[in-house]
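Novice: Can you read through this structure? Questions will come right after.
The values are calculated or read from the model by the stated rules, or taken from the named source; none is laboratory data. Predicted model, so just to flag it, every value in this text is computed and none were measured. Cβ placement follows ideal geometry from the backbone for every residue including glycine, while neighbour counts extend to all protein chains displayed. What goes into the accessible areas is simple: the full protein's heavy atoms, side chains included, and nothing from ligands, DNA or RNA. Shrake-Rupley method; radii C 1.70, N 1.55, O 1.52, S 1.80 Å.
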Amino acid sequence: MREKDFILQNEEKWKEFEQLLESSEKDPERLSDLFLQSTNDLAYSQTFYERRSVKTYLNTLSQKVYTHIYQSQSFSFQELFRFWKYTLPSISYRYRKVYFLSFLIFVLAMGVGVMASMQEEGFARIVLGDNYIVMTNANIEKGDPMAVYKQRGPFNMFLGITLNNVMVAVRTYLSGFLLGIGTLFIMFYNGIMVGAFQYFFIEKGLFWESFLTIWQHGTIEISSIVLAGAAGLVLARGIIFPGTYSRAYAFRMSAKESLMIISGLVPLFIIAGFIEGYFTRFTEVSDIVRLFSILLSLGFILGYFVFYPAYLSKKGLLQEVEVQELHSEQETIINYEMAKSSMGVFADTIRLCKKYFGYCSKYIALIAIGSTITYLLYEYFYLEIESLRLFYLEHLIPVYFDTLHWGHVLLQSVWTTVALLLPIHLVSREQKANRKGWYWNVLLVYGIAYAFNFFIETEESLIAYLIICFPFALMIQSALWFSEGVTIKKLKHAVVLCKQDVFSLLMLSIVFLGGVSLIGLFLKVMVYENLLPMLMQAVVDKNDIVSVITVRFVNIFLKDLVLYAYCFVSLLGYSVAYFSTLEKVEAVALEKRIDQVLNNG
């Protein structure tokens, strides 16, 4: 067939294909049919019109297909708008009974807090702590009972409160993995605290002033905590009540939907933190203005999470969240040639952890032991024996930002670097990736680890670093390790990938950090606040340096174990995210598949 006849025969089909690609409303079946026909035409043109313009045209048309597919999967404001307009309200309507149950539990816990405060005079002191009660009483005597909201600068308060609330919400959500028991416990505890807190001011005759001040930001903040508890219960529901689905599928479905709920709460915590940091401090503002802001916040919460989902249901506009069911043989298979959502990346990270659990747990434990021993040896040679004993008694419970000397930072950074190399090695082994120039990557990992240990001075700065900076540093590290070219080219490539998937990277960091904070909370409650004091009283001789060093060893080991596990899981996740984002941006795997179709044709 002559080229002219070939073009005339297929011209209308190709034009329809182009119009369908450019149209806002697409027919998936027709698009798929035209794509297959066009690839067959391209294969034909490669055989009979190898150096003619029709081959170039059809090749360009095929390029548009895979570019269009992955552009639609990458982050866009239109996708974010659709999430807020339809997806989250649809999930809220589906789990409206769980929302209501979470609300009832919190209100019940508040009632328990109020009743306990009425029956026991010192209950508020037990729940809120001596320091807070003493400080508030002093503020009341000075005539400014709400002075606690004026102690720090607006920005520092906004940042600290927001990060703290996000971590509380994530811990509440992830506790749903414990069959919902952990979520219920955290919800009940927080409800008791709020009840005792509010009754403390009622008892002082300051109900109206405290109400107008606290609930300016508390309306959104407490509502978000209640919704985070609902997300944890949704997560547990998939584990406990799979219904007609397999338990694995029910869990994946509940995990995806609950993660969407918790993701939708992040902006609310930012708004609540902003109000608390910048507006709550102005207690001299008129009561009407403050009451109006409370009612406005309440109207938003009820409108968006209760009435708007009901409206969508009435109009038939609710959306379903699709979750692909995996067969048992697929459970440990990781597809690196596929663009994934943040939930998909998280699921693949869990699969990799399960696949290499024995090997990785031994590796991380050995690193924690090694770092603890070198840490203690450094302190032994750095301090005198008597001062060493006193030092250990004062610092039995280490914290991540307790860097007492540059040597501590140096050692911690070296061991953190070693921990960060394992996940890169595992993914490289699965991918059979090229690792030329590995020494530059080791130096970069060391720089990340050093920055992590050296610049952390407060808990707020630690959380801010882990959520905002750490994920992008790990993504850049993954790009440097797996991509090809000189270092400058790799860095530019890494920046492009980070810009492409900002939202997914931040969500991953919140999920990973929430998980490790849940472990840290367990260590704090079970080990540092209960087991350690019992051990100190019953077993440890404070005058015996060996006993004191033993307790110090256990505590540093536990702290390092959590730290290295977090670094390992995070970098493993961002290594998976690297290939997902790479596919979204460049569609390398899809282009290969198209070429295979053409070659087979």
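Novice: Testing the spin-label approximation: label points 7 Å from Cα along Cα→Cβ at residue 553 and residue 128. State their distance in nm.
Specialist: Roughly 4.4 nm, to one decimal.
Novice: I need the peptides 281-288, 296-303 ranked by packing, meaning the mean over residues of other C-beta atoms within 10 angstrom, with the highest value on top.
Specialist: Details: 281-288: 12.5, 296-303: 14.4.
For the peptides 281-288, 296-303, the packing ranking is 296-303, 281-288.
Novice: Size of the dipole of region 107-239 about the Cα centre, Lys and Arg at +1 and Asp and Glu at -1 on the beta carbon, nothing else charged, in debye to 20? Each step should come with its number before you reach the end.
Specialist: Numbers: 7 positive and 8 negative charges, 81 e Å.
Charge dipole of region 107-239: 380 debye, to the nearest 20.
Novice: If you don't mind, there's one more thing I want to ask. If I take R0 = 22 Å and measure r between the Cβ atoms of residue 488 and residue 429 in this structure, what FRET efficiency does the formula 1/(1 + (r/R0)^6) give, to the nearest 0.05? Please report the intermediate quantities before stating the final value.
Specialist: Numbers: r = 27 Å, r/R0 = 1.24.
Plugging the Cβ-Cβ distance into 1/(1 + (r/R0)^6) gives 0.20.
Novice: Here's another thing I want to ask about it. When the chain is fully extended, how far beyond the present Cα-Cα distance does residue 289 get from residue 103, taking 0.36 nm per residue of separation? Don't skip to the answer; put the middle values down first.
Specialist: Numbers: separation 186, 0.36 × 186 = 66.96 nm, distance 2.68 nm.
Extra length available between residue 289 and residue 103 comes to 64.3 nm.
Novice: Quick one: net charge of residue 283's neighbours, Cβ under 9 Å, K/R +1, D/E -1? Numbers along the way, then the final one.
Specialist: Working: positive: 150, 281, 290; negative: 144, 209, 284.
Taking every other residue near residue 283 into account, the sum is 0.
Novice: Could you pull the accessible area for residue 219 with a 1.4 Å probe, rounded to 10 Å²?
Specialist: The accessible area comes out at roughly 10 Å².
Novice: Further, regarding this structure: Output the peptides 150-156, 478-484, 223-229 sorted from most to least packed, where packing is the average of other Cβ atoms within 10 Å over each peptide's residues. Walk me through the numbers on the way to the answer.
Specialist: Working: 150-156: 13.0, 478-484: 21.0, 223-229: 26.1.
Ranking, from highest mean packing down: 223-229, 478-484, 150-156.
Novice: Calculate the dipole size of region 232-297 relative to its Cα centre from +1 charges on Lys and Arg beta carbons and -1 charges on Asp and Glu beta carbons; express the result in debye to the nearest 20.
Specialist: With only Lys, Arg, Asp and Glu charged at Cβ, the dipole is about 440 debye.
Novice: Using a Förster distance of 60 Å, how high is the FRET efficiency between residue 147 and residue 11, based on the Cβ-Cβ distance and rounded to 0.05? Display every interim value, and only then the final one.
Specialist: Values: r = 77 Å, r/R0 = 1.29.
The computed FRET efficiency comes out at 0.20.
Novice: Taking 7 Å along the Cα-to-C-beta vector as the label spot, tell me the residue 81-residue 115 distance in nanometres, rounded to one decimal.
Specialist: Simple spin-label model gives 5.0 nm for this pair.
Novice: Roughly speaking, what % of Cα-Cα pairs in region 141-238 are separated by over 18 Å, rounded to a whole number?
Specialist: Numbers: 2621 of 4753 pairs.
Everything past 18 Å amounts to 55 percent.
Novice: Shifting gears a bit: Which FRET efficiency value, to the nearest 0.05, is calculated for residue 138 and residue 96 with the Förster distance at 35 angstrom and r the Cβ-Cβ distance?
Specialist: Values: r = 44 Å, r/R0 = 1.27.
The pair residue 138/residue 96 has a calculated efficiency of 0.20.
Novice: Now for a different question. Could you state how much accessible area residue 348 has, in square angstrom rounded to the nearest 10, with a 1.4 Å probe and all protein chains kept in place?
Specialist: 10 Å²
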